[in-house]
Amino acid sequence: MLLQLNTLQTLVRDDAPDISALHRGLTDLEQRTRSLIAEIRSIDEQLPSADLAGVTLPEALTRLVEETAETLGLASRIAFSGDERPLPAYTENLLYRIAQEALYQVQQHTNARRLRLALSYGRDEVQMSIEDDGVLPASGEEIPMPHFRSEEQNNPGSLHPYSDLRHRLDHLGGSLNVSADVEKGTQVQARIPYVTPAGAQALAPSPITSAANPPGTHIHVLVVDNQAVSRAGLRHLLASYPDLEVVGEAADGLQAVSETLELGPQVVLMDANLPNGQSMEALKQIKQLNLDTRVLLLSAQEREEYLYETLRAGADGYVLKDIAPDELAQAVRAVANGEVLVQPQLAGRLLSRFGRQGRGGYLYEALTTREQEVLQLLARGLRNKEIAARLYVSERTVNFHLANIYHKLNVSGRTEALSKALEQGLIGA
């Protein structure tokens, strides 16, 4: 969205802006914004969960476990103990989302046959335990649910899917423990006290660190290029600016990822054309391993398709090698401060790409990840309610995604959407 805003701003500055292109771009932005708002509302802990509307927490958890067990063909057992008592909406939402995540993880475990949930209302706290007898994937690491990607994914020692949830429980004086054993299976245990610690803000979301560089500090840069002369030139150039500091160099994609993990630079300035597609692979790995590091690509070619793909893969900026030294330094600063940067001469190409999508020639990338999932389940013949259960969202959210899919494919219903998706290769025959 920021990328397209920058593109439209560039177009507006033209002496004779293309009004139709502006209209297409604004329409696409509106659609993306509405979709984002709906997604935020469906996962925001500060809002009542649609799945808890009109039902108690035990009822909602029972339904969630039974639907998961039925879908995966597992035997299930549900136990409640203690005197049920009203809990703050935030606490109920948090427990429900932990259950969602734990049950989502069960799908990734091998040889799981049994599933058990226990909810206990104690004297001072509420406790929840979810167990299954499956084992972790071969990688030994849990797979994060799309809604719960954590800011701590750069820490290989943490169970990534639960990091953000654990932070929220810690904030309330509770705890979240996850244990896995080849023989005993996997167990998720959560506890939350009825009375939160003094000063705790129950509704406060987890902190998000700003990418902005504080005044008076250096921006740490990692230079990646397979040519030693180019690396030396970039190091010498950046060293002439007092606020920029080159902390390391890398000659290939593998080394770029390794150095990023070891040195923790704020910006990786990488040649966009490393041999054998290493640039794209390194970009994806860096973004998966360290979300705080920005990647600025430096390219010798104006390839629209590659530019588009790198930005979709998470690149924070894309500039050409004929850029002036001062402009390159400013590009590094802008990217370090969280901006998405594309040179003006490249922005027009992106606008052309957006324009083709706006005229009805939608590509697969026009659909969000969640819309693609909904479309695939639709193609398998699932009804809206079944899709909602499979994705652990409300039926209302599925309806919203379907409306977006119909709009993007320029169709009016399910049958026409499937026909158009098949025609464009979005789904298999």
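Among the conditions (1) over 30 Å from Ala403 (Cα atoms); (2) of a type outside the set (Gly, Ala, Ser); (3) modelled with pLDDT of 80 or more; (4) surrounded by fewer than 19 Cβ atoms within 10 Å (Cβ to Cβ), the only one that Val126 does not satisfy is (4).
Please verify whether Gly381 is assigned to a loop (DSSP other than H, G, I, E, B), at pLDDT 75 or above and exposed (fewer than 13 other Cβ atoms within 10 Å of the Cβ), treating the condition exactly as stated. So Gly381 fits the description; yes. Of all residues in region 363-378, those satisfying the criterion of being farther than 14 Å from Arg32 by Cα and modelled with pLDDT under 80 are Leu363, Tyr364.
Can you name the residue in region 384-429 that is part of a helix (DSSP H, G or I) and among the polar types (S, T, N, Q) and is also surrounded by the fewest Cβ atoms within 10 Å (Cβ to Cβ) among such residues? Going through the qualifying residues, I end up with Thr415. Given the residues Leu311, Leu289, which is the only one that is more than 19 Å from Gln4 (Cα to Cα) and either hydrophobic (A, V, I, L, M, F, W, C) or more than 18 Å from the chain's Cα centre (by Cα) (or both)? Just a single option satisfies the conditions, and that option is Leu289. Scanning region 80-113 for residues that are in a strand (DSSP E or B) and modelled with pLDDT of 90 or more, we see that the one that is most open to solvent (accessible area, probe 1.4 Å) is Phe80.
The values are calculated or read from the model by the stated rules, or taken from the named source; none is laboratory data. None of the values given here were measured: they were computed from a predicted structure. Because the Cβ atoms are built from the backbone with ideal geometry, glycine has one as well, and the counts that use them run over all protein chains shown. The area values use the complete protein model at the heavy-atom level, side chains included, leaving out ligands, DNA and RNA. Shrake-Rupley method; radii C 1.70, N 1.55, O 1.52, S 1.80 Å.
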